[in-house]
Structure formats: C-alpha cells, structure tokens
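The values are calculated or read from the model by the stated rules, or taken from the named source; none is laboratory data. Because the structure is predicted, anything quoted here is derived from the model rather than measured. Note: ideal-geometry Cβ built from the backbone for every residue, glycine included; neighbour counts use all protein chains shown. Each accessible area value is taken on the protein alone, full model and side chains, heavy atoms only, with ligands, DNA and RNA left out. Shrake-Rupley method; radii C 1.70, N 1.55, O 1.52, S 1.80 Å.
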Number of protein chains: 2
Amino acid sequence: MAESWSFLDTFESNFRPLVVIELAKGTKKETIEWFTKRIVDKKANGGAQLLVKPLATENGDENIYLVGASHLRLLLGAETVGLVKECSDNSMRAFTYSSRKTFKDFADDNQNFLTMAECQYIIKHELENLRAKDEKMIPGYPQAKLYPGKSIVRRLLTSGVLVQIFPLHDREELKKLRHSWYGRVKVGYQPLDEIRCYFGETIALYFGFLEYFTFALIPMAVIGIPYYVFAWEDYDKYVMFATFNLLWSTAILEVWKRICAIMTYHWGTLLMKRQFEEPRPGFHGVLGVNPVTGREEPVYSSIKRQLRIYLVSLPFVCLCLYFSLYVMMIYFDLEQWALDYHEENGSNFSSLMLFVPSIIYAVVIEIMNRIYRYAAEFLTSWENHRLESSYQNHLILKVLVFNFLNCFASLFYIAFVLFDMKLLRQSLATLLITSQILNQFAESLLPYWLQKRQKMRMKKRVHSLKKDTDLSLVEQVNLEKEMGTYFGTFDDYLELFLQFGYVSLFSCVYPLAAVFAVLNNVTEIYSDALKMCRVYKRPFAEPTANIGVWQLAFETMSVISVVTNCILIGMSPQVNALFPDSKMDLILTVALVEHLLLAIKFIMAFVIPDKPRDIQIKLARLEFESLEALKQQQMQLAAESLKE
Amino acid sequence: MAESWSFLDTFESNFRPLVVIELAKGTKKETIEWFTKRIVDKKANGGAQLLVKPLATENGDENIYLVGASHLRLLLGAETVGLVKECSDNSMRAFTYSSRKTFKDFADDNQNFLTMAECQYIIKHELENLRAKDEKMIPGYPQAKLYPGKSIVRRLLTSGVLVQIFPLHDREELKKLRHSWYGRVKVGYQPLDEIRCYFGETIALYFGFLEYFTFALIPMAVIGIPYYVFAWEDYDKYVMFATFNLLWSTAILEVWKRICAIMTYHWGTLLMKRQFEEPRPGFHGVLGVNPVTGREEPVYSSIKRQLRIYLVSLPFVCLCLYFSLYVMMIYFDLEQWALDYHEENGSNFSSLMLFVPSIIYAVVIEIMNRIYRYAAEFLTSWENHRLESSYQNHLILKVLVFNFLNCFASLFYIAFVLFDMKLLRQSLATLLITSQILNQFAESLLPYWLQKRQKMRMKKRVHSLKKDTDLSLVEQVNLEKEMGTYFGTFDDYLELFLQFGYVSLFSCVYPLAAVFAVLNNVTEIYSDALKMCRVYKRPFAEPTANIGVWQLAFETMSVISVVTNCILIGMSPQVNALFPDSKMDLILTVALVEHLLLAIKFIMAFVIPDKPRDIQIKLARLEFESLEALKQQQMQLAAESLKE
C-alpha cells in the first residue's frame, strides 16, 4: 500500500474540480493555510491527500476552494470506502486497487470507471474523516477546541469557519439525465441507473420506490373508481374492496423488498457492510479501539446511549404526543364552541368565527411540528449514534410518530369517537387534496419561480465578471452555492407515507383516495425530478441498501389499516343491518375477521422471501468465497509458522 | 492437501472403534467387500478413507463392523464438516488442518482435541457422503439401483442390506457424565457443556431449553399459588396475573434467544454456516453444480419443491385439520347423546355408556396422530429438501399444527362455544395432569423396567461368549445394538410445547398449571437424562445454532395466548359485572386491551436484540476479518496477474 500512495506526489496537470468548500468571508490566513495543508497532506501525516485550488472571485477574496483528486487517489479512496463494483465475470465484489484489472470496464486511462457521484462521495468521506491529531484548537480560533480523533470539518462547520461543502454539478451529464428523465413526454420507467450514477443510491432508491408505489396503487385506483361512479354501498362489494386493499398492500410491501434487493445488488450497495461503516462525523467519544476492526477511533458506551434513548428521548416523545393530543382536544372544543356561538348569534362575525379554530389549529400544528423537529434533531444528535444510518433511523422514528399523530389523530377522532362517516369522508378528501395541491405548488411552481429569479440575479453578476478566463466555472460555482440545500429524502418519504395513510387507513370510506394518490404521484415524479436537477444544490451521494426504517413504517401503517378498516366496515349501516338483533355478534364477527386478516398478513410476510432466489445464491456464494479465503489465509499463516 | 491424505496409508495400530455398522444377516460377500472397500478407499478414488474392523460374533457371521479413523483423518474431516473451535486468542474460528496450531488445546498427540461426539459426527458425515460413481446397482443386489451422486449408505438402508449405523458409547465418559448430571442429589444447573461434548449440540440445547424454561416458569408458578389457595377471583388480581403472564412469556422467549446465542457461540455452532451444509442423505436430483460452492452435487429445482409444498402438502394438511375438527364435533355429539341416553334410562349400562365416547375419541385421536405422522414424514421426504434442517422444519411444522389442534381444539370448544368455565378448568387440569403422569411413566418407569429386562437378557448371552478375548467390546456392541433408537428431540420439544400451551393459553382460568409444569419439568430433566444415558442407543451428535422452528412455535403460541386470555377475562362474571348495562362496551374494552398487549409484545420483540452485544461484536469481527482476507486474496491474485 505504502508504495501506491507515493504515486500521488507526482504533479497532476488535469485538475478536475469535484467538490466546493466555502469558507466564511474573512477567515484568517493561518486557518486557511492549516486546513488546506491538511487536505493536501499525505495520508501518513494524517492528511487527506487530495488536490485543492482556490477559486478567484470578483473581490479577490479567497474564500472558495475547489477540491479534486488524482485518478489513482480516487481508486484508493474507493477501496477505503468499500465500494462494490461489477467484475468481469459479472459477480459483484468489493473494489481493491490491486485487483482493479479484474473489474468490468476498468482501464488505467478510463476516468469513468468511478461515476462522478462516487468520486464526490469518496472526497466527502475523506474530508469528513480528517481528524485532529495533537492540535488543541483550530489555528486562529482558540475558542474552537479540538481533541485527538475529532473530525476537523465538523468542528470547522460548528464554529462557523466553514460555511458549506457541496459537490459540483456536471452540466453535460445533467443535461443528458434531464432529457432522459423528464425532458420528453413519454410513457415508461425512469432511468434509475442514470439517476443512481448522478445522484447516488439513496435518491435513486427514493425515485424507484415512488415509481413502484405509483404502479402498485393503480389496481386499487382502478377498482376504486366504480365505487365512486356507481355509488356502490353494498356490504359484499365493500368488504371485498377492503380485503383486496389490505392483502394487496401487504403484497406490494413484500415485493418491494425483493425489487429493492435486485436493484441494490446491481448497484453494489447490498454488499456494502453496515458494521464496518466509519463513525459518523458528529460522533464523539474517547479515542479507543473499535472491537470489530481493531482500528483506533472514538468509542462511546452503548449502555449510556441506551439510557439516553429510554430515559430521556422516549419520555420526551411521549410527552409531546400527549401534548399534541391535548391540543387536538382543545381544537375540537373550540370548534364546538364556535358552532354554538354561531347558532346563538347567527351574525356575519359569528360565521367568520367558525373558521378561527381551524386556522389557529393549523398554525399551532405547524409551530409544534417545527419545534418538535428541532428537538428531535437535537435529541438524536445528543444520543450520539456511531453510524449515520442509526442516527437517521432514530430521527425518522421520532419525527414519524409525531407526524402520524398530527395528521391522523383528528381523522381517528372523527371516525371512532364522533362516529361521523360523512364528516370523515369530507375531512379525508379535504386533507388529501389540499395537501397534494400545496405540495405540488411548493415543489414545482414555487421552485420554478425561484429558479427564474436566481437566473436573473446570476446574469447580473456574470456581466461584472466577464474579464475572467475561468468564467464558466466561476459562474457555475457562484450559481450553485446560492442554491438551496437538499436535506435528504426524509420529507419526500414522509409525504408518501402520509399519502399511504390516507389511502389505506380509511380506504373503505373513500375509495377514490387511491385515484388521487396515483394522479399526484405521476406529477410528483416530474416535480421531484425538476427539484433535484434544477432547484437544489447537487447532494452528496449516499450508498444505501434499502429504504431503511421507512419499510417498517409502511408495514406498520398497513397493520394499523387492517384494524381501522375492520372497525369502519363494522360501523357501516349496511353491515349493521345484517345483525339487526345483536350488536355483540357484529362486534365478535368483526374481531374474528380482523384477526384472520392479521394472521394472513403475517403468514404472507413470513412466506414471501425478502430476496429473490438468485440474489440469495449470489450472496451465499460471496460469503462462501470469503470464508474459503479466510481458511486459505489461515493455512498460509499456519504454513509460515511451521517453517519457523 | 494432497500430501496430507497420503499420511493415512500408514498402518494405524491403535484402532479406536467409534461407529458400528450392522448389516443384514446373510449379506452377500461381494456386497460386503465392495462396501468396506469404499469405506477404506482413498478420497481420491471416491472412498471415505476410514478404518473398518469386523466384530467377531458367536456364530462366526461377519455382519457387524466397527468403523474408526486415524487422528489425522478426523482432523481433516473436522475441516470438511466445518467445525468451529476456540483459538488460543479466545476467538472462535472454523478449524483447518493447516492452522491447527493456532487452536486452543491442540497438540499433535492430544486425541481429545475433538470430542468423541465430534469424531462420530465426522464419520457419519463421511459415510453418508459416500456417493455412487459409475455403479449402476449395489453389487450382489441388482434390484438396488444406483446412479452417479446417489448416497450409497442411503440406498443400502432402503434396500435392507444395512440394518443400522450407530455411534458407540464411551463407558468411562458416560459414567462421569451420569454422575455429574443426575447421579447425586443436588441443587444446581445441568452440566450442559459436558452433555454437549457427549451427545452433541442439539440434545444439549434441548436440555438447556428445558432447564431455562423450568426456571422461567417459576415466577408464574409462585404468583399462581395464592390464586388457588385463597381462591382470589377479583377482577383486578386476575387481570394483573394474566397481563404478567403474557408479558413474561414474551420476555422469556426473547431472552432465550440471547442465552441460546451465547451458548452456541461458545460451542462454535453459531458460526457454522447453514448455506454450505451438504445436501441431506435422502436428497436426490440430477447431478449438477451447486451455484454457491461450485461443487458437483445433486440439484433439484426449488420451484418444483415449492409446487409440491403448496399444491400437495398444504391442501393435505388443511384436509387433515378439517377432518380432525369433524371428528371432534362427532365426539361432542356422541357425548351429548350418551348423556341424553343416561338421563332417559338411568341404568348401570347407560352410566357405562357415558365413558364410551371419550374412549372412542381417545383411540381415534391416537390412530389419527400416528397415520398423520407417517403421512407427514412421507410428504416432507417427497418434497425433497436439500438440507436436513429444512426437512426437519417442514416436518415439525406439519406435525405441530395437527397436534396443536388435537390437543387444544376441545378446550377451545368448551371455552368459546360452550362457555363453560367450570368444565374448562376441569378438562384442563385432567388433561395436564394425566398427560404428565403418562409421560413420566413412559419416560422413567417403563424404561427402568426395560433396562432391567435387557440386562438380564444380556447376561445370558455374555455367559455363552466368555471365551472371547475382546469380550467387553463385543458385549457392549451387542448390548447397544439392541437398545431403542432415539428419534431426535422432536417429541421432547412437542411435550414442552403442549405444556406451554396448557400453561399460557388458559392461564387465567387455571393459575395452578404453571406449578404443575414446574414440578413436572424438574422430574422431566432427570427422566430425560436417564433416557438418554441408559435407555437409548447413543444418538449421533447434530450441530445446531438454535432450537429452530420451535422458537417460532413457542412465539406463535404466546401470541395466541394473548387472544385467548383476553377473551377468557372478558367472559368472566367479575368483569361482566363491571359492565352491567352494555355488553358492547365490554367487548370493545377487551378488544382494545388485547390490541395494546399485542402491540407491546411486538415492540418488546423488536426492541430486545436477539444476540447480546459482545456476541454481535465477535460475529461482526469475524465477518470483517473474512472480508479483509478476501481483499488480501484478491490483491495477491492481482499481483500475480500483473507479473505475467
């Protein structure tokens, strides 16, 4: 390995900027020098061994730096992050520099062996893993303390010296991608592999899920339409529809796991090992030895983390949920009071008053959502998870539970406390349609307008810079650094999750929900694509093997929807008419059917394998090979020890 | 490797008999010659490279053979079967002959590095994997067809040439084990490690589970006693007891997984890879290439197997279940008829008639159970599972469902159709106590008597053989070959499973069930130990990492028991008295509580990790090392390919 790194000393003439580092204006010279030196420095000296170039700006301030790396450096980095690539024999293997020749499409002069997203991911990984050695503080900023093992970039970010790090767009590639993605009107699948190459696996998987989910909803939508058109309210048809929905939603979630496994196997992320993930940048602890890898890294007691989760976070979340329910009850009281007031007075003022509770409630919910989101982020960060994925899962779980309650608690109240099916149908339709319209507006019209404004502003700037030679790059960097930051797929999944809730929880009350969901999702794909390509900064690629905690969230929703639908059917007048004498028989029948459906769901989930057979075989083969390799190694060690 | 095998040509003076092969009397000479040659033959020639010695019997018939192996052969066999042993650095690793020096307690002259059970397992594995090459039939038996890849031993067994293969007891070891296990009256744990060394992991795990389960039932028993003594029938106390039972049973099953992982990690079986298991002896198919290992072995389409399972086995099982329910209904009708008849006539004859339905039902159930067991074995064998574990799981699942119905259907009928709590308590107590007494009788008194009879018979034989020099061995083999065969832990687990059903399904009706279960299990441990050591032939060791499908069975039972207990509590007069006005409120409350309990159960199962943290780390470490080894190997390959 040591000899490989020495190659990097040779001067790299064709510098290709990949990542932009924006420092605060007026950052001290000594800090910049120290930081860039650490970036450029050799691995052996604790550096990242990357290439750095300042970007000339209009006023001569050197606060923007472009980071790149030699081709060799990137290949070695690919090995460090554990990228999995396809070999010439079509199997997927962890890339190593020494075995590079065995990989498909590898050639020493082929700069495209690693996609640009992968290169940027590698650089991000190397930058984030720049760790303090014996520095006690950031040079020039005595208040920004450092200790051995602390991520330098993280400290620079928290102390405000570093404004942001973001990857550059590749205009050529982006144009091609845009064209094949949403540039022409066509019927067909999204170019998921191209999306993955450009934006990374997490985003590609989101779009894959969105597409799959839309297709999966079509049968529910098609069956739902006649219920609306012909106003079928027969008992048997209703039960059939609801039963189909429940089993169908189980099936689509199980099948998604298989499709996801196929996709991520070919992307190589299914084989990337989660256990050997480097600690996330925000993770802190005493420098110790990782018991798995034997490497030196910060260590934090898992018991302390558990205590923080169960003794602080969990009670806090419960308290918030209780508070949210309390606010909802106040809202219903206010509503009632407004209604009474209007009935008593009947004036114009009183009819206006009818809207007040809803408005107050909407505003309060929005405020609570925001405060809770900050609190959840703070708490999850304070729980000090070692892995980014574990941090994300805990954060998602916290936010999810709260959002679920805020969205559906009022519907549950209407359905199961007020027993008002008409109001339920009306509220459901209102909530679903308004949230979709708002989202579409926020995701395509608003961005389009922002886009236009930004271009105008940019044009002005560019005119004042016409003298520069490196114009297009400067123009691009300046344009992109002003763009909004894409904070991950969280909100996109949340939207889908809540939509799934509207469709499945009360599907037998409002069969048209699936139709609206399908229509929304078709435009959603286009508006999300536009958002990714045009509105936001390019996000860093994040390798992932599945949609993580969202799978669990959707499955839980589908279990809850069995319960709600059974109760709703049991409450419908048609079904009640079937049991004229005894309410008890009705309830017992409903409970029996519900238990049967739940049992069928669990049996289905148990019987359908999570990975298709050929992927299972490929994984087993790799595991077998790695164990054989371990045996071989032990044999060599043994042979050597025998010689001594 | 090639050179290692050649060592085996040297004559082995200290032959240690490990396994006995009994051929049919009058087996043709050519068959015996061919079979023993194959056993002794070199690996390269398709043999097993073991040692064989005929056992002289009274009438000079050579139909019993002793099989042994050289120490070296056993070590190489240990590598083949993938035994995992402890290294000097306390980590667990797959044993390889070349790395033998790195293992704890290894010395070239230490014959005890492999336990006797492991040696016998290796020999069994080698014998079962003797496969036909170009033979078209067994020499001397033209009707016993062979084809390439067919297990020879299997064909010999099915054609009746081979009577049995069984491992020999080690009298010294057995004496020590008996002493520490049940030889003295003591309070304490069983010597599970010693049991594992002597009988293998499957049986040790059964006794481990039995012990754990008994301890786990003690709290339920202790809490249950005052309910019986003071006849508490208060609503709140009852609910508390049932709730405690339900949560407790979830907790004990989750904790068992952790304890099981700790035990099997130290036994090495947690790391043995299931995917690389050799196909089970009964598995047949066209000779093909295993896609995982790349080795030649019989291959059978997984789709065909699925079709057989879902289109034949599943409908058959459902039909049997329906038939069993039908028979139960006939029994209840007969019972009613007998009661009516007795009330009408009131004679002695009619009071005798009262017992007739129960007797007929018991006999019919027993017959059905036996027929069903044969059918299940036939069907599972016909499904042609590649792995022994998968065969076992499918067989267990089939038998389990049927036994569950036969045992509990009548109790369910009494509880939820007849609503007769008194009769339920009475039937439950009768069933539980009689089944326990019968089992204790069948497992300790009967064996004791058989034991005595066998010894008497043996003594007679030995007297007629006093001239032989190798007397004690001949005596031992002749004694052991007449002993009954232990058909695996299936029936023992089934007994525990049904006991768990009696304890948990109706725990709130009969809190004393746990007390009886604990008392029974304490004696069960001793009678099972006696059975293993004294009554049965020594069974072959079977490495296993967990109790397999039984874990799932117990968990399912605990889910079902939530439902039954909630219904029973809902039906109790005390609870009914709390809802004097509305049955509906009662049922809704019960349903709500049930759903809450189920949710808590699933959250508990989700939150409690299946493996303790230190085992997780050790496993991750091994995986990391094997991946690093694979990388190293690739690097070497790459380096070599660069040189060319």
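Values as computed for the structure displayed
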read-out	value
Close pairs (9 angstrom Cβ cut-off, 6 or more residues apart or separate chains): open to solvent by less than 90 Å² (accessible area, probe 1.4 Å) in segment A:371-382, not in a helix (DSSP H, G or I) anywhere	A:SER381/A:GLY282
Check on A:GLU33, modelled with pLDDT under 80 and of a type in the set (D, E, K, R)	no
Subset tally (residues that are touching an Asp or Glu at 6+ places or on another chain (Cβ under 9 Å) and open to solvent by 20 Å² or more (accessible area, probe 1.4 Å)) for segment B:492-503	1
Condition check for A:LYS537: touching a residue at least 12 places away in the same chain (Cβ under 8 Å), among the charged types (D, E, K, R), within 9 Å of chain B (Cβ to nearest Cβ) and buried (at least 16 other Cβ atoms within 10 Å of the Cβ)	no
Residue match in segment A:352-359 (condition: assigned to a loop (DSSP other than H, G, I, E, B) and either surrounded by 11 or more Cβ atoms within 10 Å (Cβ to Cβ) or not assigned by the TED database to the domain that holds A:THR80 (or both))	yes
Index of the failed condition, A:ASN110 passing every other in (1) among the polar types (S, T, N, Q); (2) open to solvent by less than 10 Å² (accessible area, probe 1.4 Å); (3) more than 11 Å from chain B (Cβ to nearest Cβ)	(2)
Helices (runs of 4 or more DSSP H) wholly inside segment B:141-232 that include at least 3 residues being among the basic types (Lys, Arg)	B:171-178
Hits in segment A:540-566 (condition: open to solvent by 30 Å² or more (accessible area, probe 1.4 Å), within 12 Å of chain B (Cβ to nearest Cβ) and hydroxyl-bearing (Ser, Thr, Tyr))	A:THR556
Scope segment A:597-607; condition more than 11 Å from chain B (Cβ to nearest Cβ) and crowded, with 16+ Cβ neighbours inside 10 Å; matching residues	A:LEU597, A:LYS601, A:ALA605
Residue in segment B:23-37 that is in contact with a helix residue (DSSP H, G or I) (Cβ under 8 Å, 6 or more places away or on another chain) and either within 14 Å of chain A (Cβ to nearest Cβ) or small (Gly, Ala, Ser) (or both) present	no
Some residue of segment A:504-512 being closer than 25 Å to A:ILE203 by Cβ, open to solvent by 10 Å² or more (accessible area, probe 1.4 Å), among the hydroxyl-bearing types (Ser, Thr, Tyr) and not in a helix (DSSP H, G or I)	no
Tabulated pairs, segment B:484-504, first among the hydrophobic types (A, V, I, L, M, F, W, C), second open to solvent by less than 10 Å² (accessible area, probe 1.4 Å) and not in a helix (DSSP H, G or I), C-beta under 9 angstrom, 6+ apart or interchain	none
Selection within segment B:66-93 - over 30 Å from B:LYS37 (Cβ atoms) and open to solvent by 30 Å² or more (accessible area, probe 1.4 Å)	B:GLU86, B:SER88, B:ASP89, B:ASN90, B:ARG93
Segment A:608-644 - residue that is within 7 Å of chain B (Cβ to nearest Cβ) and open to solvent by less than 30 Å² (accessible area, probe 1.4 Å) and, of those, modelled with the lowest pLDDT	A:ALA638
Residue match in segment B:149-165 (condition: under 23 Å from B:LYS42 (Cα atoms), open to solvent by 30 Å² or more (accessible area, probe 1.4 Å) and in contact with a Leu (Cβ under 8 Å, 6 or more places away or on another chain))	yes
Residue match in segment A:320-330 (condition: under 30 Å from A:GLU388 (Cβ atoms), over 29 Å from the mean Cα position of the chain (by Cα), of a type outside the set (Phe, Trp, Tyr) and surrounded by fewer than 16 Cβ atoms within 10 Å (Cβ to Cβ))	no
Hits in segment A:278-309 - residues which are open to solvent by 70 Å² or more (accessible area, probe 1.4 Å), within 11 Å of chain B (Cβ to nearest Cβ) and at pLDDT 80 or above	A:ILE303, A:GLN306
Residue in segment A:416-423 that is surrounded by 19 or more Cβ atoms within 10 Å (Cβ to Cβ) and touching a residue at least 24 places away in the same chain (Cβ under 8 Å) present	no
Matching residues, segment B:567-596, being buried (at least 21 other Cβ atoms within 10 Å of the Cβ) and more than 10 Å from every other protein chain (Cβ to nearest Cβ)	B:LEU568, B:ILE569
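Residue-by-condition table, conditions (1) in the same structural domain as A:PHE500 (by the TED database); (2) polar (S, T, N, Q); (3) at pLDDT 70 or above; (4) under 15 Å from A:LEU55 (Cα atoms):
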residue	(1), (2), (3), (4)
A:SER427	yes, yes, yes, no
A:GLN436	yes, yes, yes, no
A:LEU445	yes, no, yes, no
A:ARG453	yes, no, yes, no
A:LYS460	yes, no, no, no
A:LEU473	yes, no, yes, yes
A:GLN476	yes, yes, yes, yes
A:GLU480	yes, no, yes, yes
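Here is a yes/no grid of residues against (1) more than 28 Å from A:ASN63 (Cβ to Cβ); (2) not polar (S, T, N, Q):
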position: A:TYR147; (1), (2): no, yes
position: A:GLN164; (1), (2): no, no
position: A:HIS169; (1), (2): no, yes
position: A:HIS179; (1), (2): yes, yes
position: A:GLU194; (1), (2): yes, yes
position: A:CYS197; (1), (2): yes, yes
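Table: residues versus (1) surrounded by fewer than 19 Cβ atoms within 10 Å (Cβ to Cβ); (2) outside the structural domain of A:GLY47 (by the TED database); (3) more than 30 Å from the chain's Cα centre (by Cα).
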{"site": "A:HIS125", "(1), (2), (3)": "yes, no, no"}
{"site": "A:ARG131", "(1), (2), (3)": "no, no, no"}
{"site": "A:LYS136", "(1), (2), (3)": "yes, no, yes"}
{"site": "A:TYR141", "(1), (2), (3)": "yes, no, yes"}
